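Worksheet: one structure, shown below.
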Amino acid sequence: MVRDSVASHVMRLLVGVAEDSGVPEHELAFIEGVRGPGLDDDLIRFPTSSLLRVWELIHAADPVGGGARAIAAADRGRLHVWDYLASGAPTLAAGFADAGEYLSAICDPVARISVIEDGARLTVGHDNLRTGTAVDATINEYALGLILRRARDARGDGLRPVRVDFAHDAPPWHHHLDAVFGTGNIHFGQSGNRITFLDPESEPATKPFDPELQRVMRMYARSIIDSARPAPGWRDTFRNAIGEALADSHGRGTSLEEVAHRLAMSPRTLQRRLAEHDTTWREELEAVRYDHATRLLRETELSLQSIAGRLGYTDHRTLRRAFQRWTGQTPDAFRRAA
């Protein structure tokens with residue numbers, strides 16, 4: 001279920017970063033699932049392609065500071081249980097080992113975290129999704145910055161890496177990263193993305209280790225992975241919005257403008273999405289009304305007038321005419337046969 005997908009926690013974080021970076025709303029509205037109800041559901045997984053598109057928009061809006069902006073937004077808890085696994089172990093090495101084992105709770109399983117201990121040196125690597133474009137710089141900066149933030153959550157803000165390695169080539173502007181990472185020993189064009197600490201355990205833990213809490217968090221992370229489900233497609237999200245609008249209309253019906261507002265997009269953007277899916281407002285409205293009418297006739301004993309009101313029709317006669325157009329039979333005949 002988690003293959004080629006990422007958790008809603010990551011999408012929520014980065015959509016917020018995109019908005020703060022000035023990405024136009026119509027650009028976000030075109031990304032699969034971003035403007036649907038799944039964004040607030042902790043068990044929903046979004047296509048990795050949607051995540052990469054958000055990263056592209058962040059990079060286009062802020063090619064220098066996009067990664068740093070995402071790092072600043074990643075307060076502990078934004079990535080749910082994974083944040084606490086990474087920062088709540090008895091040692092940093094153990095914390096990032098857990099973070100690697102349960103990384104798919106938030107990321108595409110393609111991503112990997114590695115932990116190497118060499119005497120007093122601890123190196124944490126992050127092998128993530130690669131686009132082969134300049135966007136990789138923004139993603140890599142965020143990934144290592146996130147590791148640093150979780151390390152500081154565990155050992156305090158005074159923790160400083162002694163070296164930072166990036167797999168991408170040096171971008172034209174990168175000196176701001178000295179302040180982001182707390183070191184000027186930053187290297188580009190390396191064999192991987194890595195951040196190295198010297199004797200991090202010399203810093204006292206910010207909180208005492210609780211082995212029972214760690215066990216519970218591991219179980220919870222596994223349950224999230226096992227219970228994950230895909231985000232609804234755009235058409236499903238759109239039809240759900242129509243259904244909700246009809247239910248709230250008290251017989252008034254709904255409009256393209258109202259549904260566009262529910263989806264946090266402009267009517268013009270919605271019309272473009274409909275055209276992209278080779279359909280029209282009228283076709284989708286009729287499809288929703290048909291689905292709701294047949295379900296209500298089959299599963300309830302509501303009167304035709306009540307059903308008509310729920311579908312946004314002014315009276316049952318309008319429903320009768322529409323139902324005969326859809327099915328070739330009357331609602332009464334359909335209900336008897338169901």
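Below, the figures for the structure above:
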read-out	value
Local electrostatic count at GLY243 - Lys and Arg +1, Asp and Glu -1, tallied over other residues with Cβ under 14 Å	-1
Relative contact order for the stretch 144-303, counting Cα pairs under 8 Å that sit 6 or more residues apart, in percent	17
Antiparallel %, DSSP beta bridges [both residues in the chain], to 5	80
The stretch 234-337: relative contact order as a whole-number percent, Cα under 8 Å and 6+ apart	29
Residue among ALA308, LEU198, ALA228 farthest towards the positive dipole end of the chain, charges placed on Cβ	ALA308
Given charges at beta-carbon only (K, R positive; D, E negative), |dipole| of the chain in Debye	1200
Helix 48-61 axis, angle to the chain major axis (alpha carbon atoms, nearest 10°)	70
Full-extension gain in nm, THR318 to GLU286, via 0.36 nm per residue minus C-alpha separation	10.2 nm
Chain lengthening between ASP118 and HIS26 when straightened (0.36 nm per residue, less Cα-Cα)	28.2 nm
Value at 222 nm in deg cm²/dmol, rounded to 500, when DSSP H runs of n ≥ 4 in the chain each add -39,500 (n - 2.57)	-16000 deg cm²/dmol
Normalised contact order of the chain, rounded percent, pairs of Cα under 8 Å and 6 or more residues apart	17
Kirkwood Rh in Å, taken over all unlike Cα pairs in the stretch 234-337	14.1
Quotient of Cα Rg and 2.2 N^0.38 Å for the stretch 5-227, N being how many residues it contains	0.98
Spin-label zone in the stretch 181-208 - amide nitrogen under 20 Å from a point set 7 Å from the Cα of ARG160 along the C-beta vector	181-188, 194-206
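Bear in mind these aren't lab numbers, they're just calculated from the coordinates by the rules spelled out. Quick caveat, the model's predicted, so the values are computed rather than measured. Please note: Cβ atoms are built from the backbone with ideal geometry, for glycine as well, and neighbour counts cover all protein chains shown.
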